[in-house]
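The values are calculated or read from the model by the stated rules, or taken from the named source; none is laboratory data. As the structure is a prediction and not an experimental result, all values here were calculated from the model. Counting neighbours? That spans all protein chains shown, and the Cβs are built from the backbone with ideal geometry, glycine included. Surface accessibility is based on the protein's heavy atoms, side chains included, excluding ligands, DNA and RNA. Shrake-Rupley method; radii C 1.70, N 1.55, O 1.52, S 1.80 Å.
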Amino acid sequence: TAPTQIVTPERRPAERLAPGAPAGAAASVVAWVASIASLTTPDEIVWCDGSLRENDLLTKLMLETGTLTRLNPELRPNSFLARGDESDVARVEDRTFICSALESDAGPTNNWRDPAEMRATLEPLFSGSMRGRTMYVVPFSMGPLGSPLAKLGVQVTDSPYVVVSTGLMTRMGAGALALIDDDTEWVPAVHSVGAPLESGQRDVAWPCNGTKYISHFPETREIWSFGSAYGGNALLAKKAFALRIASVMARDEGWLAEHMLIIKVTNPAGRVFHVAAAFPSACGKTNLAMLQPTVPGWRVETIGDDIAWLRPDAEGRLRAINPEAGFFGVAPGTGVSTNPVAIDTVWGNTIFTNVAMRDDGDVWWEGMTEHAPEHLVDWRGEDWTPSLATPAAHPNSRFTVAARQCPTIANDWDDPEGVVIDAIIFGGRRASTVPLVVEARDWEHGVYLGATISSERTAAAEGTVGELRRDPFAMAPFCGYNMADHWAHWLEVGATLEKAPAVFQVNWFRKDADGRFLWPGFGENSRVLAWILDRVEGTADGLDSPIGVLPAPGAIDTSGLDLDPGDWDKLFEVDPTAHRREVDGVAEFFAGFGERVPSQLTAQLEALRTRLV
Ligand code: GDP
Ligand code: PGA
Ligand code: MN
Ligand code: MN
């Protein structure tokens with residue numbers, strides 16, 4: 001279906017306004033590109049084919065404009081550093097809008113704008129916004145090309161950084177465009193950095209605009225993003241499409257689009273499981289996706305690290321694909337001792353954004369090695385020495401790399417049919433109250449655990465780091481519709497499953513009185529994973545508690561762990577006073593959604609309150 005146009009272009013022949021369209025490009029795509037070109041008036045239009053040659057040309061261009069700096073090819077082959085503008089280094093949740101016809105369909109966790117009002121706001125901003133620049137047409141598939149679970153999209157952008165990044169993160173280019181014909185569904189996504197160039201004006205390394213609008217039109221399945229080139233705001237295939245728009249498609253079509261990693265886990269007996277886990281941004285998804293178990297005999301392989309599309313299959317199981325084809329990972333904290341797999345993955349062919357540069361032309365960030373080098377150029381391009389108080393790399397600095405470079409990528413990671421999910425894990429960053437692991441009693445209790453995730457804010461989005469906030473399903477910034485309807489949808493999907501996954505909650509981030517993490521985390525999280533999957537198998541003991549099923553004493557293998565018994569007890573402490581406060585907080589949170597909160601969740605809340613007295 002042809003997307004609704006924001007602006008009615010002059011009725012000029014499409015070919016003249018969208019020159020260079022490959023033979024066979026769908027008329028709906030050509031007409032849309034023409035309409036955006038007539039609005040944004042780029043100097044040139046380039047239809048991207050996803051080839052190596054195209055990638056090399058764009059890279060060369062960005063080296064010339066200073067957007068990219070080439071890293072030392074002997075240390076980091078074919079890899080680049082990008083330094084963003086200081087005002088454009090994270091997702092901007094307060095500039096992210098859901099423009100559904102009804103405000104109640106966006107719900108209290110989203111910024112809502114009336115669609116007509118937003119179109120009127122956007123039109124003058126996009127008008128002429130690509131002047132002096134090239135508009136790239138970037139077709140992509142989320143999910144393996146032609147998979148029954150995949151979806152197609154086309155982004156236009158005036159940022160070559162966005163094109164090259166999308167090439168790493170998705171199946172981008174001619175193959176995706178060839179799958180679109182005039183009756184194929186595809187999502188149109190318009191992106192402009194909002195920095196037109198007058199003739200003779202020199203470009204800056206990271207063009208962007210102080211005014212930003214990351215806008216979504218769920219009913220017409222459109223995305224319009226203005227003013228930012230930061231990944232989460234500008235690589236529209238990712239958060240904007242694969243989560244915000246896809247969550248609405250999923251609601252309408254009976255599946256789920258979630259902020260989840262996917263792993264394949266093999267136990268010592270050789271039985272294979274698949275696990276999906278939702279944690280808020282910068283709370284450990286990429287690390288768990290690449291986990292190297294410390295528990296002997298267990299093996300973890302990577303399928304996805306950020307987004308999962310899950311759908312009930314004919315046998316009543318939940319099947320999942322990773323719609324992406326790359327990783328956009330948090331750099332700080334990624335080191336040989338924490339995430340050696342990520343370190344190996346970024347050996348080359350990687351774009352690093354807002355990290356520091358070493359004197360030898362390689363990259364560095366906090367946590368990459370135990371000690372900082374004597375001298376660095378920091379993410380802003382300034383000289384840096386370890387005596388400075390400011391971090392050398394931005395706390396939300398990122399690496400962008402193709403999934404196929406990951407040494408632990410599973411052989412079925414791109415299976416077009418997806419993988420059967422055996423367990424779902426919800427988590428967050430909580431210094432207190434929430435135990436290391438707890439199992440939900442059943443699906444409804446699991447949905448309650450997902451709906452009530454709260455987590456300390458991280459640097460992944462603009463805002464105050466450390467502040468506690470509710471982040472239901474780790475989807476607060478990413479659900480394209482009313483969050484309470486999202487909970488109802490989870491309950492509905494669950495009710496159709498014959499073999500629903502078991503549901504768990506984890507917290508790797510509980511601290512002691514001195515602010516030290518109680519749990520070593522990273523590879524040691526495999527001990528928790530082993531208990532979770534032993535529970536799925538029915539071989540591990542659990543202990544009923546007011547908040548769910550805790551591991552029975554001895555059920556988690558702690559041999560070889562450097563942990564004093566007091567710490568172990570604190571990791572599992574269930575303080576009724578703290579949990580009663582939690583319940584009051586949830587009641588207040590639910591009240592914000594009024595009548596839309598599913599009665600099953602209110603019942604869960606009341607049952608929990610009763611168990612806590
Ligand atoms: P994502 O954004 O959800 O993918 O989170 P990442 O896996 O990139 O992790 C975000 C930050 O949390 C990084 O600095 C990691 O080093 C840190 N982190 C991840 N897992 C753990 C863990 O188990 N324990 C601790 N203490 N930190 C972790
Ligand atoms: P993250 O992905 O979840 O790996 O941090 C980016 C984001 O959510 O902004
Ligand atoms: Mn994410
Ligand atoms: Mn991640």
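Checked across segment 174-192, the condition of being part of a loop (DSSP other than H, G, I, E, B), small (Gly, Ala, Ser) and open to solvent by less than 60 Å² (accessible area, probe 1.4 Å) holds for no residue.
Of all the numbered requirements in (1) within 22 Å of GLY446 (Cβ to Cβ); (2) more than 29 Å from the chain's Cα centre (by Cα), GLU595 misses one, and that requirement is (1). The lone criterion from (1) within 14 Å of ligand 2 (Cβ to nearest atom); (2) part of a loop (DSSP other than H, G, I, E, B) left unmet by LEU243 is number (2). When ILE214 is tested against the conditions (1) within 16 Å of ligand 1 (Cβ to nearest atom); (2) part of a strand (DSSP E or B); (3) not hydroxyl-bearing (Ser, Thr, Tyr), the lone failure is (1).
Is it fair to say ALA495 is away from ligand 1 (no atom under 14 Å from the Cβ), over 23 Å from the mean Cα position of the chain (by Cα) and free of Cβ contacts under 8 Å to residues at least 60 places away in the same chain?
yes
Surrounded by 24 or more Cβ atoms within 10 Å (Cβ to Cβ) and not charged (D, E, K, R), is that true of TRP364?
Numbers: surrounded by 24 or more Cβ atoms within 10 Å (Cβ to Cβ): no; not charged (D, E, K, R): yes.
Answer is no for this residue.
Cβ-Cβ contacts under 9 Å between residues 6 or more apart (or on different chains), taken from a first residue in segment 524-541 that is under 15 Å from VAL438 (Cβ atoms) and more than 15 Å from ligand 1 (Cβ to nearest atom) to a second residue that is open to solvent by 50 Å² or more (accessible area, probe 1.4 Å) and part of a helix (DSSP H, G or I), are listed as ASP541/ARG535.
Suppose we filter ALA269, ALA282 for residues that are open to solvent by 20 Å² or more (accessible area, probe 1.4 Å), of a type in the set (A, V, I, L, M, F, W, C), assigned to a loop (DSSP other than H, G, I, E, B) and more than 11 Å from ligand 2 (Cβ to nearest atom); which single one remains?
Working: ALA282 fails: more than 11 Å from ligand 2 (Cβ to nearest atom).
Residue meeting the stated conditions: ALA269.
Within the option set ILE245, ILE307, ILE303, being modelled with pLDDT of 95 or more, farther than 17 Å from ALA423 by Cβ, open to solvent by less than 20 Å² (accessible area, probe 1.4 Å) and more than 13 Å from ligand 1 (Cβ to nearest atom) holds for one residue only, ILE245. In segment 225-237 there is no residue matching the filter, namely being more than 16 Å from ligand 4 (Cβ to nearest atom), open to solvent by 10 Å² or more (accessible area, probe 1.4 Å) and of a type outside the set (Ser, Thr, Tyr). Screening ARG319 against (1) within 13 Å of ligand 4 (Cβ to nearest atom); (2) not in a loop (DSSP other than H, G, I, E, B) leaves a single unmet condition, (1). Set side by side, the residues GLY316, GLY348, GLY329 differ, and just one is more than 15 Å from ligand 2 (Cβ to nearest atom), open to solvent by less than 10 Å² (accessible area, probe 1.4 Å) and under 21 Å from ARG76 (Cα atoms), which is GLY348. Screening segment 418-474 for strands (runs of 3 or more DSSP E) wholly inside it with 2 or more residues that are free of Cβ contacts under 8 Å to residues at least 40 places away in the same chain, in contact with a strand residue (DSSP E or B) (Cβ under 8 Å, 6 or more places away or on another chain) and surrounded by fewer than 22 Cβ atoms within 10 Å (Cβ to Cβ) returns the ranges 468-470.
Of all residues in segment 254-266, those being away from ligand 3 (no atom under 15 Å from the Cβ) and not in a strand (DSSP E or B) number 2.
Would you mind stating whether ILE223 is touching a His at 6+ places or on another chain (Cβ under 6 Å) and either touching a residue at least 12 places away in the same chain (Cβ under 8 Å) or part of a loop (DSSP other than H, G, I, E, B) (or both)? Spell out how you get there, then give the answer.
Numbers: touching a His at 6+ places or on another chain (Cβ under 6 Å): yes; either touching a residue at least 12 places away in the same chain (Cβ under 8 Å) or part of a loop (DSSP other than H, G, I, E, B) (or both): yes.
So ILE223 passes the test.
Of the strands (runs of 3 or more DSSP E) entirely within segment 29-122, those holding at least 2 residues that are farther than 30 Å from THR464 by Cα occupy 44-47, 68-70.
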